[in-house]
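The values are calculated or read from the model by the stated rules, or taken from the named source; none is laboratory data. All of these numbers come straight from a predicted model, not from anything done at the bench. Neighbour counts are summed over all protein chains in view; Cβ atoms, including those assigned to glycine, are modelled from backbone coordinates with ideal geometry.
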Amino acid sequence: MGITGIFRDIHTKPNHKLRPQTSHFFRRVLRRKPLLHLKVSRTLEKNATEILHRWQEVGPELPEDLFTRTVIEVVNGTVSSQKTVRETFVAMFLGDASTLLSVLNRRLPELGLVRYVCTETSWIESVLFWTDIRVGTSEIVLLQSNITVNYIKRKSDYVHEPISRTGLESIWRKMIELEISAMAFNPYEGMMAKISPTATPFPYRADNLWKIQYVTTWREDRLTNRYMELTRKLYRFMTPYVSKNPRQPFFF
């Protein structure tokens, strides 16, 4: 992540060892700065391809106090029975709205962001935001048991070079064909980009622009084989666009 403080106290000594960073994290983030979130969506009909193509260039170079993520998923289109691809741009920023909008509208003017899309939250409210619970909901909801059973499949890749517009359009067509899989793009910007890949036991920064997470979720056990195979099909299709020799996954 590109949030100041998470990696602020990580040193670059050759003998650096893995150690807990929790106390450093909380000392850093509990300061008198606003915590802002925003989430905006665009479909293919609303210039999503151009936005993502531009995002590839600027995402890994955004300021250290800004974390961004782009989620790509197949949704119903405006025409009945037709599918489209929706891109959701998500950001978390330690700072004020004026600064955030200035940065993003300068680097990603295609998004056309305005003040009302920014939501200031407390840190506990940010947990609601990242779990897709409406900000303002009582935090007690986080303690409630969820009895819904979901089956999930996750795979990952790393991208070394920006994907061309033609490549993106080809990916959209494949996703629409498969209908079910989604992808999350997480750039290694900010403080993450500043740390040497040999400094900590996390080798994935070197030469990587961002990580792709393939996301498939279903609710019926009898459909497991189908959804697993659809996820594998998208993963195989992405081979030309991701790291090679070897192809790099992220191990959770």
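Just name the residue that is modelled with the lowest pLDDT out of those in the range 23-68 that are small (Gly, Ala, Ser) and either crowded, with 20+ Cβ neighbours inside 10 Å or over 15 Å from the mean Cα position of the chain (by Cα) (or both).
My answer is Ser23.
Residues of the range 171-189 being among the polar types (S, T, N, Q) and more than 12 Å from Thr216 (Cα to Cα), which ones? Quick ask: steps written out before the conclusion?
Just the residues of the range 171-189 that are among the polar types (S, T, N, Q), to begin with: 181, 186.
Selection gives Asn186 alone.
Filter the range 210-229 down to the residues that are among the hydroxyl-bearing types (Ser, Thr, Tyr) and not in a helix (DSSP H, G or I), then identify the one that is surrounded by the fewest Cβ atoms within 10 Å (Cβ to Cβ).
The extreme case among them is Thr217.
How many residues does the range 123-148 contain that are among the charged types (D, E, K, R) and over 18 Å from Thr68 (Cα atoms)?
2
For the range 57-85, which positions are in contact (Cβ under 8 Å) with a residue 60 or more places away in the chain and in a loop (DSSP other than H, G, I, E, B)?
Selection gives Leu62, Pro63, Glu64, Asp65.
Looking at the range 77-89, which of the residues that are of a type outside the set (A, V, I, L, M, F, W, C) and over 22 Å from the mean Cα position of the chain (by Cα) is nearest to Ser181 (Cα to Cα)?
Across the range 77-89, the extreme among qualifying residues is Lys83.
Restricted to the range 90-118, and to residues that are assigned to a strand (DSSP E or B) and more than 16 Å from the chain's Cα centre (by Cα), which residue is surrounded by the most Cβ atoms within 10 Å (Cβ to Cβ)? Steps first, answer last, please.
Narrowing the range 90-118 to residues assigned to a strand (DSSP E or B): 90-94, 118.
Keeping just the survivors that are more than 16 Å from the chain's Cα centre (by Cα) gives 94, 118.
On the way: Leu94: 22, Cys118: 20.
Looking at the filtered set, the residue picked out is Leu94.
Matching residues to (1) at pLDDT 90 or above; (2) on the phi > 0 side of the Ramachandran plot; (3) of a type in the set (S, T, N, Q); (4) touching a strand residue (DSSP E or B) at 6+ places or on another chain (Cβ under 7 Å):
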| residue | (1), (2), (3), (4) |
| --- | --- |
| Ser102 | yes, no, yes, no |
| Val114 | no, no, no, no |
| Val117 | no, no, no, yes |
| Ile133 | no, no, no, no |
| Ile163 | yes, no, no, no |
| Lys174 | yes, no, no, no |
| Leu178 | yes, no, no, no |
| Met183 | yes, no, no, yes |
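Kindly indicate whether any position in the range 201-209 is over 22 Å from Arg69 (Cβ atoms), in contact (Cβ under 8 Å) with a residue 24 or more places away in the chain and either polar (S, T, N, Q) or surrounded by fewer than 18 Cβ atoms within 10 Å (Cβ to Cβ) (or both).
Yes, the range 201-209 contains a residue that is over 22 Å from Arg69 (Cβ atoms), in contact (Cβ under 8 Å) with a residue 24 or more places away in the chain and either polar (S, T, N, Q) or surrounded by fewer than 18 Cβ atoms within 10 Å (Cβ to Cβ) (or both).
Quick one: in the range 148-175, which of the residues that are in a loop (DSSP other than H, G, I, E, B) and of a type in the set (A, V, I, L, M, F, W, C) is surrounded by the most Cβ atoms within 10 Å (Cβ to Cβ)?
Ile163
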